[in-house]
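Have a look at the structure below, then the notes.
The values are calculated or read from the model by the stated rules, or taken from the named source; none is laboratory data. Just so it is clear, the model here is predicted, and its values are computed rather than measured. Reconstructed Cβ throughout: ideal geometry from the backbone, glycine too, with neighbour counts over all protein chains shown.
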């Protein structure tokens, strides 16, 4: 008790007289309502002003602006810990730097000092998906309690933990969603969906960016939190649907990505189980572990390859801030559990009833405090485990090659630079050979890039450079396969079209110091530059798919001129000013019909059916070109009466299923679409992709899926059904033409290998 009393006195001693005179404002005092109240949402402007007031009035809180989000919102991070820890914050950061790289630790006595003096670094990220509104609202309540409470549990957290809190990973989207909701609350359109992507480029896909680092928010988080602090624990707070469990914690379901250290897997398992136990002991029902979510893809888990435990929590949603009533009969099976039945990983079902934002916030806050409690009480364990994981990486796993080499004479240097940017941003040490050398019986020219695998973040390098072979998991021995939760391939060499070579044995090469993050210059092909370039329009529905957002990102990075056209623009004749119209992947019904009048306010209702479709037909007949991707190809085929169908549409899910994999694509010579490209590249194929069956003499094939089973990386059922099937089609119609992509040429801004095909398709 004496130590606690001293801690409290120290906290007050740290406050200047001017600050001491200011009471720390409660959320209710600042916002005018309790955060998490039904039908109340604080927008980003209100939240950031509150965090600034906390920092001004509490010595436990500081706020830093790490940069600007995509649309210009400030991207902020709170640092919350005891005043004593704040006074030596840079020393604590240096301790983390040394524990993260065991090569910097001199001897056992120095290690012991670091372990004794260090603190558990916890990063909590809120609201990466802006429609999952609870977490960002909860962030204010959590920050307030940590800033003001002198309860024993809170003081223990503050003493032993440095909390890095990012209240929103998508502040632009939070502002839009909250403002839209608040504008329509109390009307017939309360809780209607935001009629544009709630991240400017990525929509819901912004949590799949943790190896490509395409988005400003990802880069700011990696540089300002992960790489600056090397947290032992990262808590990523999400929401899920309404009719399953009330909250999910790890352990995850199978599989784990094989380059994640086993000690990290067990650390995640114990921490998630502890959090579940805490909430269940508090009487919170509907807590599930070991359900739904896996730990396979690095696109969701940067920290797993940097020694840190990623704890994903998913809380059941309300209708934004509007309560929902879920009868027991609507609860149903989830993956690896049933929300209606008690089981070992779901020990106390929720009976159904009213579920609202107060419930969401209460469950999320309880989970965060449970995690922080574990981090505080097991400080020594978390630091020791973190150091040991990184030490094993420096010593190199037996399963890893001795080095990866990217030859200097790779044809696609743009892809190489893009890959190097990803690797080096993730703190992988990459060297350049200063002279020709040999390794593992192979000769490499000077300038080749060498990635030794005895370094702290070798696991990231290996998972990004090796070819993925997703495991064949079965519901029971000899039974049907368990379908993956997410995509199954992330091989940089295939995505970016370059070769990385794994070598073993001595590496007799003169190497440069580790390189810095290389600049990357996005360059357009010549036919898209200058006054002769086609005038390009990108269709922008009020039900805009994420793929269209990603397409805008690629165009913007290349500084490519284009306009976005809404349904009303096309219906009004706007296509007359353009040469090319692009439909990214979108189902035909969504293009044709859009929102109904009872779903959205009038400006956002309707699609292209009728006048809009007539304008598209006339545009092509008069010399325009339409480029369509995946689902949108069905709209175009129907519009022009093309004799096409999906070649796999008659196959059952047990006969054919590709959740997200890289396939071999064979390009046909003689087409403008394949100009300047090799005969084979890797194509991204997932649930929305198509293989064409053609019965129309007007249609030409520009690319086919490869012979045999075309699978290169990932997992597929019945991939052989794609053998030789058309993947890209073109047809001349009147004075114009259409180009149809069965696969996704711009997968999440990552599939540079097939960008040239899309750019080639954009022609007058």
Note to self: Tell me yes or no: at least one residue of segment 455-463 is more than 25 Å from residue 212 (Cα to Cα) and buried (at least 19 other Cβ atoms within 10 Å of the Cβ).
What the structure shows: no
Next item on the list: List the strands (runs of 3 or more DSSP E) that sit entirely inside segment 310-416 and contain at least 2 residues that are more than 26 Å from residue 270 (Cα to Cα) and in contact with a helix residue (DSSP H, G or I) (Cβ under 8 Å, 6 or more places away or on another chain).
Entry: 403-406
Item checked: Evaluation of residue 715 against (1) in contact with a strand residue (DSSP E or B) (Cβ under 9 Å, 6 or more places away or on another chain); (2) within 23 Å of residue 528 (Cα to Cα) (one fails), failing number -> (2)
Next item on the list: Would you be able to say whether some residue in segment 509-523 is surrounded by fewer than 16 Cβ atoms within 10 Å (Cβ to Cβ) and not in a loop (DSSP other than H, G, I, E, B)?
Entry: no
Checklist line | Scope segment 87-101; condition exposed (fewer than 15 other Cβ atoms within 10 Å of the Cβ) and in a loop (DSSP other than H, G, I, E, B); matching residues | finding: 88
Item checked: Number of the condition not met by residue 254 [criteria: (1) in a loop (DSSP other than H, G, I, E, B); (2) surrounded by fewer than 23 Cβ atoms within 10 Å (Cβ to Cβ); (3) touching a helix residue (DSSP H, G or I) at 6+ places or on another chain (Cβ under 6 Å)] -> (3)
Next item on the list: Determine whether residue 700 is in a strand (DSSP E or B), farther than 28 Å from residue 467 by Cβ and either over 31 Å from the mean Cα position of the chain (by Cα) or in contact (Cβ under 8 Å) with a residue 12 or more places away in the chain (or both).
Entry: yes
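Need a quick list: strands (runs of 3 or more DSSP E) entirely within segment 538-633 having at least 1 residues that are under 26 Å from residue 189 (Cα atoms). Walk me through how you get there before you give the answer.
On the way: elements: 563-565, 580-583, 625-629.
Fully inside segment 538-633 and qualifying: 563-565.
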Check: Is there a residue in segment 589-606 that is touching a strand residue (DSSP E or B) at 6+ places or on another chain (Cβ under 9 Å), within 30 Å of residue 424 (Cα to Cα) and modelled with pLDDT of 95 or more?
Finding: no
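Could you say which residue among 671, 649 is more than 31 Å from the chain's Cα centre (by Cα) and modelled with pLDDT under 95?
Details: 649 fails: more than 31 Å from the chain's Cα centre (by Cα).
Exactly one residue qualifies, and that residue is 671.
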Notebook entry, point to check: Can you tell me how many residues in segment 680-695 are out of contact with any helix residue (DSSP H, G or I) (no Cβ under 9 Å at 6 or more places or on another chain) and either within 19 Å of residue 626 (Cα to Cα) or modelled with pLDDT of 95 or more (or both)?
Noted result: 5
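Filter segment 417-443 down to the residues that are in contact (Cβ under 8 Å) with a residue 12 or more places away in the chain and in a loop (DSSP other than H, G, I, E, B), then identify the one that is surrounded by the most Cβ atoms within 10 Å (Cβ to Cβ). Break it down stepwise before answering.
Taking segment 417-443 as the starting set, the residues that turn out to be in contact (Cβ under 8 Å) with a residue 12 or more places away in the chain are 417-435, 437-440, 442.
Then keep just the ones that are in a loop (DSSP other than H, G, I, E, B); that gives 426-430, 434-435, 440.
Working: 426: 22, 427: 20, 428: 25, 429: 20, 430: 23, 434: 12, 435: 11, 440: 16.
Within segment 417-443, the match that is surrounded by the most Cβ atoms within 10 Å (Cβ to Cβ) is 428.
To keep it simple, each residue is scored yes or no on (1) buried (at least 24 other Cβ atoms within 10 Å of the Cβ); (2) closer than 17 Å to residue 47 by Cβ; (3) in contact with a helix residue (DSSP H, G or I) (Cβ under 8 Å, 6 or more places away or on another chain); (4) in contact (Cβ under 8 Å) with a residue 40 or more places away in the chain.
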{"position": "117", "(1), (2), (3), (4)": "no, no, yes, no"}
{"position": "131", "(1), (2), (3), (4)": "no, yes, yes, yes"}
{"position": "135", "(1), (2), (3), (4)": "yes, yes, yes, yes"}
{"position": "142", "(1), (2), (3), (4)": "yes, yes, yes, yes"}
{"position": "152", "(1), (2), (3), (4)": "no, no, yes, yes"}
{"position": "158", "(1), (2), (3), (4)": "yes, no, yes, yes"}
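So which residues in segment 715-726 are outside any loop (DSSP other than H, G, I, E, B) and either in contact (Cβ under 8 Å) with a residue 24 or more places away in the chain or over 30 Å from residue 257 (Cα atoms) (or both)? Can you show your working first?
Residues of segment 715-726 that are outside any loop (DSSP other than H, G, I, E, B), as a first pass: 717, 719-722, 726.
Across segment 715-726, the qualifying residues are 717, 719, 721, 722, 726.
Kindly indicate the residue of segment 743-755 that is part of a helix (DSSP H, G or I) and out of contact with any helix residue (DSSP H, G or I) (no Cβ under 7 Å at 6 or more places or on another chain) and also surrounded by the fewest Cβ atoms within 10 Å (Cβ to Cβ) among those meeting that condition. Before you say what the answer is, go through the steps one by one.
At the first step, the residues of segment 743-755 found to be part of a helix (DSSP H, G or I) are 747-749, 752-755.
Among the residues that remain, those that are also out of contact with any helix residue (DSSP H, G or I) (no Cβ under 7 Å at 6 or more places or on another chain) are: 747, 754.
Details: 747: 26, 754: 24.
Only one residue fits best here, namely 754.
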Checklist line | Which numbered condition residue 84 fails, given (1) assigned to a helix (DSSP H, G or I); (2) under 28 Å from the mean Cα position of the chain (by Cα) | finding: (2)
Note to self: Just checking: which of the helices (runs of 4 or more DSSP H) contained wholly in segment 15-70 hold 2 or more residues that are modelled with pLDDT of 95 or more and surrounded by 20 or more Cβ atoms within 10 Å (Cβ to Cβ)?
What the structure shows: 27-31, 44-57
Note to self: Let me confirm something: among 712, 758, 740, 729, which residue is in contact with a helix residue (DSSP H, G or I) (Cβ under 9 Å, 6 or more places away or on another chain) and in a helix (DSSP H, G or I)?
What the structure shows: 758
Note to self: Pull out all pairs, ordered by first then second residue, where Cβ-Cβ is under 7 Å, the residues are six or more apart or on different chains, the first lies in segment 639-656 and is over 26 Å from residue 615 (Cβ atoms), and the second is at pLDDT below 95 and exposed (fewer than 14 other Cβ atoms within 10 Å of the Cβ).
What the structure shows: 654/480
Next item on the list: Could you tell me which residue of segment 696-709 is surrounded by the most Cβ atoms within 10 Å (Cβ to Cβ), considering only residues that are out of contact with any helix residue (DSSP H, G or I) (no Cβ under 6 Å at 6 or more places or on another chain) and farther than 20 Å from residue 643 by Cβ?
Entry: 706
Margin query: Criterion first (modelled with pLDDT of 95 or more, within 21 Å of residue 377 (Cβ to Cβ) and not assigned by TED's automatic domain parsing to the domain that holds residue 471) does residue 232 satisfy it?
Written below: yes
Check: Out of all the residues in segment 657-671, which are surrounded by 13 or more Cβ atoms within 10 Å (Cβ to Cβ) and out of contact with any strand residue (DSSP E or B) (no Cβ under 6 Å at 6 or more places or on another chain)?
Finding: 659
